[in-house]
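The structure appears right after this line, and notes come after that.
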Amino acid sequence: MIKKYKPSLSDPIGRWAAIGPYYAMFPLEFPFKVIEKYSKPGELVIDPFAGRASSIYAAATNERHGLGIEINPLGWVYAQTKLNPAAQHLVEYRLLEISKSISDYKTEAESLNEFYHWCFSDTVLTFLLSARENLRWKTSKTDRTLMGLLLIYLHGKYNQALSNQMRHAKSMSQQYSINWWKNRGMQPPEINPYDFMLSRIKWRYAKGTPKIKYSDVKLGDSTLIFEKQAKRFSEKISRHCSLLFTSPPYYGITHYHKDQWLRLWLLGGKETALWSSEKHKGRFDSKTEYRELLDNVFGTAETIMDKEATIYIRTDTRDFTYTTTRDLLKEHFPKWKMRTFQAPVSGKTQTGILGNRSSKPGEIDIVLTK
Ligand SMILES: C[S@@+](CC[C@H](N)C(=O)[O-])C[C@H]1O[C@@H](n2cnc3c(N)ncnc32)[C@H](O)[C@@H]1O
């Protein structure tokens, strides 16, 4: 086991842990600390709001089993890419195939709205359309790995990503971006997408791939699949969950689908960023629904976890999110001892990074132990 692991890009665990930019992700080092402190090798760690699977990955690379559930396909693709990457030569071969068919996508590229032509050069746009159409990321490990790696570089700093200048972890709105680029006279960078991605694939695999203890992340809604998946996984490894380690969505702030719309477009989503009306895919604006979500998930956790298990929740300090989370935890785990810690903020908070200017920013950790 790695003691006091500090993620570093010069070893395979750290290099793959950094996949990929995700709205409100844990800082890199934090989940490793929690896993080391609150679980033991061989135990099962569960995260029903897994995001890019920072918690599950820290468990799986530290000899623990991890099971995550995530409703957003972007988080799920990242999770699968780092927990279960395909062989490098297969990913490189697939990149070549995708690149060879880009001339088939000229007409489709022309029909896309103005945003896409400001964001990407013609070559990059046809390449992206080829990837969007041909990569079977839901069913093929190779295609998913390539898609996961491609999504990292879809947008970001000029010449470090495939797009015109844009934030790395958040997709900005179409009109805002167009105005921004126009005002600064910024044209999309002329990049050869094959060379660009090939060198980044080589870099990612250069230190090898991490050793993973059997773990998984499921794509779906925790209110619907958590209980079944947890029971199935527990049976498989003959262990109950010893650590529930998660960070639920924050009430009224985060919008995991809309704010990552461009990456979701590459996964087959809509051409324009639309507010999702599907349950648990929009912003969490209804107090009743927010409470029901946490009540449901903590209620399931109560039934599937070991009687001595630890619960570690990182959440928002703002009043409704915090009090709802704390009260529901007390209700579902009445025999546990509860402690809270102001999450150490080095630099910026998870949502602060993304422009959250609330008067009370910051996160709090709620820890329940027997
Ligand atoms: C605070 S983020 C977790 C970030 C994660 N700790 C990381 O490091 O990436 C909360 C996550 O819960 C997911 N989520 C919200 N409702 C869900 C549901 N009903 N089932 C599963 N996941 C859900 C969101 O899509 C989001 O990715």
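The values are calculated or read from the model by the stated rules, or taken from the named source; none is laboratory data. Since the model is a prediction, treat every value here as computed from it, not as a measurement. Quick reminder, even Gly has a Cβ in these numbers, built from the backbone with ideal geometry, and neighbours come from all protein chains shown.
Quick look at the values:
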read-out: Enumeration of residues in segment 222-255 that are modelled with pLDDT of 95 or more and surrounded by fewer than 19 Cβ atoms within 10 Å (Cβ to Cβ); value: Leu224, Ile225, Glu227, Lys228, Lys231, Arg232, Glu235, Lys236, Ile237, Ser238, Arg239, His240
read-out: Members of segment 330-346 found to be more than 22 Å from Phe32 (Cβ to Cβ) and within 16 Å of the ligand (Cβ to nearest atom), listed by number; value: none
read-out: Qualifying residues in segment 46-63 (those that are crowded, with 24+ Cβ neighbours inside 10 Å and charged (D, E, K, R)) - the one farthest from the ligand (Cβ to nearest atom); value: Asp47
read-out: Options Leu219, Leu244, Leu264, Leu224; residue that is free of Cβ contacts under 8 Å to residues at least 24 places away in the same chain and within 16 Å of the ligand (Cβ to nearest atom); value: Leu224
read-out: Segments classed as helices (runs of 4 or more DSSP H), wholly inside segment 70-163, with at least 1 members that are farther than 17 Å from Ser199 by Cα and either of a type in the set (Phe, Trp, Tyr) or touching a Leu at 6+ places or on another chain (Cβ under 8 Å) (or both); value: 73-83, 106-111, 114-119, 122-134, 141-152
read-out: Residue under evaluation Lys258, criteria (1) within 15 Å of the chain's Cα centre (by Cα); (2) of a type outside the set (S, T, N, Q); (3) within 12 Å of the ligand (Cβ to nearest atom); (4) buried (at least 21 other Cβ atoms within 10 Å of the Cβ), criterion not met; value: (4)
read-out: Residue match in segment 181-194 (condition: without any contact (Cβ under 8 Å) to a residue 40 or more places away in the chain and assigned to a helix (DSSP H, G or I)); value: yes
read-out: Filter pass, Ala79 being closer than 21 Å to Leu150 by Cα and near the ligand (Cβ under 9 Å from one of its atoms); value: yes
read-out: Verdict on Pro344 being surrounded by 13 or more Cβ atoms within 10 Å (Cβ to Cβ), within 24 Å of Tyr23 (Cβ to Cβ) and at pLDDT below 75; value: no
read-out: Conditions (1) part of a helix (DSSP H, G or I); (2) touching a helix residue (DSSP H, G or I) at 6+ places or on another chain (Cβ under 9 Å); number of the one not met by Lys330; value: (2)
read-out: Residue in segment 125-159 that is nearest to Ile98 (Cα to Cα), counting only those that are surrounded by fewer than 19 Cβ atoms within 10 Å (Cβ to Cβ) and more than 20 Å from the chain's Cα centre (by Cα); value: Asn134
read-out: Of residues in segment 1-45 being outside any loop (DSSP other than H, G, I, E, B) and of a type in the set (Gly, Ala, Ser), the one farthest from the ligand (Cβ to nearest atom); value: Gly14
read-out: Filter result (of a type in the set (D, E, K, R) and either exposed (fewer than 14 other Cβ atoms within 10 Å of the Cβ) or at pLDDT below 95 (or both)) within segment 98-124; value: Lys100, Asp104, Lys106, Glu110, Glu114
read-out: Residue check for Lys287: farther than 25 Å from Lys370 by Cβ, surrounded by fewer than 19 Cβ atoms within 10 Å (Cβ to Cβ) and not acidic (Asp, Glu); value: yes
read-out: Checklist (1) under 15 Å from the mean Cα position of the chain (by Cα); (2) hydrophobic (A, V, I, L, M, F, W, C); (3) part of a helix (DSSP H, G or I) applied to Ala59, failing item; value: (1)
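Conditions tested, residue by residue: (1) touching a Pro at 6+ places or on another chain (Cβ under 8 Å); (2) free of Cβ contacts under 8 Å to residues at least 24 places away in the same chain.
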{"residue": "Ile69", "(1), (2)": "yes, no"}
{"residue": "Gln80", "(1), (2)": "no, no"}
{"residue": "His89", "(1), (2)": "no, yes"}
{"residue": "Lys106", "(1), (2)": "no, yes"}
{"residue": "Thr123", "(1), (2)": "yes, no"}
{"residue": "Leu146", "(1), (2)": "no, no"}
